[in-house]
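Undergrad: First the structure, which I've put down as structure tokens, then a few questions once you've had a look.
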Amino acid sequence: MRLHRVYYKELSRTDKISIDNKSKINHLSKVLRLSEGSKLDVFDGEGNSSICKIVSLEKKKIVLEQIGDIEYQQPERINLKVLMPYIKKENLFFAIQKVTEIGVSNISLFRPDNVDQSISKKDLSKINEKALSIITQACEQNGSNIVPDFQIYEDLSSAIDHDSFSIFFDLDATNDFQSIKNFEDSISLGKNILRAETAPITALSVIKSNLGLL
């Protein structure tokens, strides 16, 4: 039986793990109905994982004790970095969750040039915490011990100047064509018009399948 997985960044630095996040405590105790003695697969997002046991379960804190050796999961042989424009929050979070589940090494967002006012005035830094939570939860689900890096850029040019990307998704809202020229190849996802959150999921699935990574 597969053990429930928990992300804990400091795993490799301590034998005792203390969880005080209210949402995570509620999920482990109320939803999963775990109790003292239950075992969990804990990972640190950097490839390391270990089997741990709940030694104390209280309303405000859960304490785990490491009972297994630290094991290391090798990253995929090809790093896939995804660059996506900022879209409506619910759709964006869905896309982030699904590309994480499929498997990438980096997810980056940028603000498109031409978007409606509700998005253009958003403080993108405010979604950082929620996005990271979605990413780690997706890793808990998909079995990956490596959490993708996550960055937010104010515009496309800033993203291109800072890093190189494997996959870039262009929407009608994006008109920074000079930056787009930095990408060597472009491909079509077919005749059907895909939603902004569907395109990265479809493309990533096709690419990883062709690379033999699925």
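Undergrad: Counting residues that are under 19 Å from the mean Cα position of the chain (by Cα) and closer than 23 Å to Phe165 by Cβ, which strands (runs of 3 or more DSSP E) fully inside segment 57-144 reach at least 1?
TA: Correct list: 81-85, 106-110.
This table checks each residue for (1) among the charged types (D, E, K, R); (2) in contact (Cβ under 8 Å) with a residue 12 or more places away in the chain.
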| site | (1), (2) |
| --- | --- |
| Asn21 | no, no |
| Leu28 | no, yes |
| Arg33 | yes, no |
| Ser38 | no, yes |
| Gly47 | no, yes |
| Ser50 | no, yes |
| Lys60 | yes, yes |
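Undergrad: What residue, among those in segment 34-53 that are in contact with a Leu (Cβ under 7 Å, 6 or more places away or on another chain) and charged (D, E, K, R), is surrounded by the fewest Cβ atoms within 10 Å (Cβ to Cβ)?
TA: Glu36
Undergrad: Is it true that some residue in segment 84-99 is among the acidic types (Asp, Glu), assigned by TED's automatic domain parsing to the domain that holds Ala138, closer than 20 Å to Ile134 by Cα and surrounded by fewer than 18 Cβ atoms within 10 Å (Cβ to Cβ)?
TA: Within segment 84-99 (the criterion being among the acidic types (Asp, Glu), assigned by TED's automatic domain parsing to the domain that holds Ala138, closer than 20 Å to Ile134 by Cα and surrounded by fewer than 18 Cβ atoms within 10 Å (Cβ to Cβ)), the answer is yes, since at least one residue qualifies.
Undergrad: Another question, if that's okay. What pairs come out if I take residues in segment 88-108 that are under 16 Å from Glu140 (Cα atoms) and pair them with residues that are among the hydroxyl-bearing types (Ser, Thr, Tyr) whose C-beta lies under 7 Å away, six or more apart or interchain?
TA: Sorted first by the residue in segment 88-108, then by its partner, the pairs are Ile102/Ser205; Gly103/Ser144.
Undergrad: Looking at (1) part of a helix (DSSP H, G or I); (2) modelled with pLDDT of 95 or more; (3) outside the structural domain of Leu156 (by TED's automatic domain parsing), find the lone condition where Ser12 falls short.
TA: The number of the failed condition is (2).
The values are calculated or read from the model by the stated rules, or taken from the named source; none is laboratory data. Only a predicted model underlies this, so the values are computations on that prediction, with no experimental measurement involved. Cβ coordinates were reconstructed from backbone atoms using ideal geometry, including for glycine residues, and neighbour counts include every protein chain displayed.
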